[in-house]
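What follows draws every value from the coordinates through simple rules; no lab data is involved. Every value quoted in this text rests on a predicted model; they were computed, and no experiment measured them. Methodologically, a virtual Cβ is constructed for each residue, glycine included, from the backbone with ideal geometry; neighbour enumeration extends over all protein chains shown.
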Amino acid sequence: MSAATNEYVASLPMILDEVEVVGVERVSPSYVRVELAGPCLADCSVDGPLYDQRMKIVFPNAAGRLPSFAGADESWWTTWMEIPEHERGSMRTYTIRDLVDSGTRTRIVVDIVVHDPGPDGTAGGSGNAWALRARAGDRLVVMAPRRGHEFGGIEWSPGTASRLLLAGDETAVPAIRGVLRDLPPDATGAAFVEVPTADDIQRDVVAPAGVDVTWLPRGDAPRGASLHAAVIAWLTGSAEPAPQLGDDEVDPDLWETPVYSSSGETVAAATEVPVADTPHAGLYAWIAGESKVVTGLRRRLVNELGIDRRQVAFMGYWREGVAMRS
Ligand SMILES: Cc1cc2nc3c(=O)[nH]c(=O)nc-3n(C[C@H](O)[C@H](O)[C@H](O)COP(=O)(O)OP(=O)(O)OC[C@H]3O[C@@H](n4cnc5c(N)ncnc54)[C@H](O)[C@@H]3O)c2cc1C
C-alpha cells in the first residue's frame with residue numbers, strides 16, 4: 001500500500017512517503033544525480049535556507065520492494081525495525097542538494113556518491129548499488145522536512161563567527177555547496193573539498209567573494225591526506241601529514257557539534273558563542289566526511305590547536321569498511 005494514502009503518515013511532523021525518480025544523471029565519475037517527485041513533496045519545505053539540510057532515503061529490499069508505512073504513527077521507527085532485515089529495505093542519510101519548483105511540482109535533488117565495493121564484500125552498500133542502476137520511474141521512500149514543522153537536520157550554525165572553515169569529502173559536497181550558496185555575501189573564510197577525481201569537481205558551486213574554495217582531487221593518495229594537510233596549513237601556516245589512527249580510536253557514531261556530542265562530552269548551552277580569548281577566536285569550523293579522517297582533524301583542532309569545542313562541528317558522514325545501520 002502506498003504510504004501516501006495513509007492519514008497517520010500524513011499527520012507525522014515530517015514527510016515519510018513514496019516518491020518517484022523523474023531524473024537520473026551520471027554527472028561525473030563519482031556522482032549520480034537523482035530528481036525525486038511526488039504529490040507528498042508539495043508539503044516539503046524548510047523555514048529558511050537549506051544549508052546542509054539532511055534527509056533519509058529508504059531503498060527497496062533485494063526483491064525490489066519498498067516497505068509499507070501504512071498505519072505508521074510516532075512509533076513508525078520501532079515498527080519498521082521489527083520487519084526482518086531482508087524485507088525492510090535500508091535507510092541511508094543524504095543531503096538535499098536542491099529543492100526545485102513548488103507545489104505538486106516540487107522536486108528534491110540528491111547527489112549520490114557511487115564508489116567501488118566496500119572491503120567487506122558488500123556491493124558498496126544499498127545506496128550505492130541502487131544509484132548505479134537508477135532509472136526514471138523507480139520508487140523510493142523519503143523522510144524529509146514538512147512545511148510548518150520542526151525537522152532538524154541542519155548542522156550549520158556559525159553563531160557570531162567572523163571566519164568560516166568548511167572541509168569535507170565527496171559525500172559532503174552537496175552540504176558544502178548548500179552552505180556556500182546560502183551564506184551572506186560578506187562572509188569570509190575557506191572551504192576545502194576532497195573528491196576522488198578532478199572530473200568530480202562541481203563547477204557550479206558558488207561562494208561569497210571572501211570565501212576561497214579549494215578542490216582537492218584525491219587520485220591515488222590516501223583518503224583524507226590532502227584534506228588534512230590543506231586544513232592544517234590554512235590554520236597554522238605549515239603542512240603536516242594526516243595521523244595514522246587505529247580503528248579503535250574512531251567513534252563509530254562520530255557527531256560532535258556545539259550542541260551535541262556522540263561521545264558524551266559536556267556540550268555548551270546553545271546560546272553560548274565563541275569567546276574572544278581562545279586560540280582562533282572568531283573561527284567556526286564545519287567538517288564532515290569519512291569518520292577516521294574527521295577524527296584526525298578533530299584531534300588536531302580541538303586537542304592540539306586548542307580550538308574551543310563551541311566553535312566546531314565534526315560529523316562522521318560514513319565509515320570506511322562499515323555499512324550504515326538501518
Ligand atoms: C548528514 C549526512 C549527509 C550525507 N549526505 C550525503 C550525500 O548527499 N551524498 C552521499 O553520497 N552521501 C551522503 N552521506 C553519506 C552516506 O549516508 C554514506 O556514504 C552511506 O554509507 C551510503 O550508504 P551505502 O548504502 O551506499 O553504503 P553502506 O551500506 O553504508 O556501506 C557499505 C560499504 O560501502 C562503503 N562506503 C559507504 N559510503 C562510501 C563512500 N562515499 N565512498 C566509499 N565507500 C563508501 C562503506 O565503508 C562500506 O564498506 C551523508 C551522510 C550523513 C550522515
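When N counts the residues of region 3-145, how does its alpha-carbon radius of gyration compare numerically with 2.2 N^0.38 Å, as a ratio? Mind showing how you got there, number by number?
Numbers: Rg = 14.9 Å, N = 143, 2.2 N^0.38 = 14.5 Å.
Ratio of Rg to 2.2 N^0.38 Å for region 3-145: 1.03.
Mind putting a number on the dipole of the chain about its Cα centre? Charges go on the C-beta only, +1 for Lys and Arg and -1 for Asp and Glu, and I need it in Debye to the nearest 20.
520
Computed over neighbours whose Cβ is under 13 Å from that of Ala198, the net charge equals -3, Lys and Arg +1, Asp and Glu -1. Anyone know which of Ala281, Ala221, Ala72 comes out most mobile in the 10 Å Cα GNM of the chain? In this elastic network of the chain, the residue with the biggest mean-square fluctuation among Ala281, Ala221, Ala72 is Ala221. Count Lys and Arg as plus one, Asp and Glu as minus one, and take only other residues whose Cβ is under 13 Å from that of Arg147; the net charge is then -2.
For the chain, modelled as a GNM whose springs connect Cα atoms under 10 angstrom apart, the maximal fluctuation among Val294, Val114, Val22 occurs at Val22.
Quick one: longest stretch of the chain between exposed loop GluC sites (Glu not before Pro), exposed meaning at most 15 other C-beta atoms within 10 Å and loop per DSSP? Please report the intermediate quantities before stating the final value.
Values: sites that count: Glu74, Glu150, Glu265, Glu272, Glu320.
In short, 151-264.
Electrostatic bookkeeping for Pro208 treats Lys and Arg as +1 and Asp and Glu as -1; over the other residues with beta carbon under 11 Å from its beta carbon, the sum is -2. Across all directions, the average flat footprint of the convex hull enclosing the Cα atoms of the chain is 16.8 nm².
Structure remark: mean-square fluctuation, Gaussian network model of the chain, C-alpha springs under 10 Å; the largest value among Gln244, Gln202, Gln311 belongs to Gln244.
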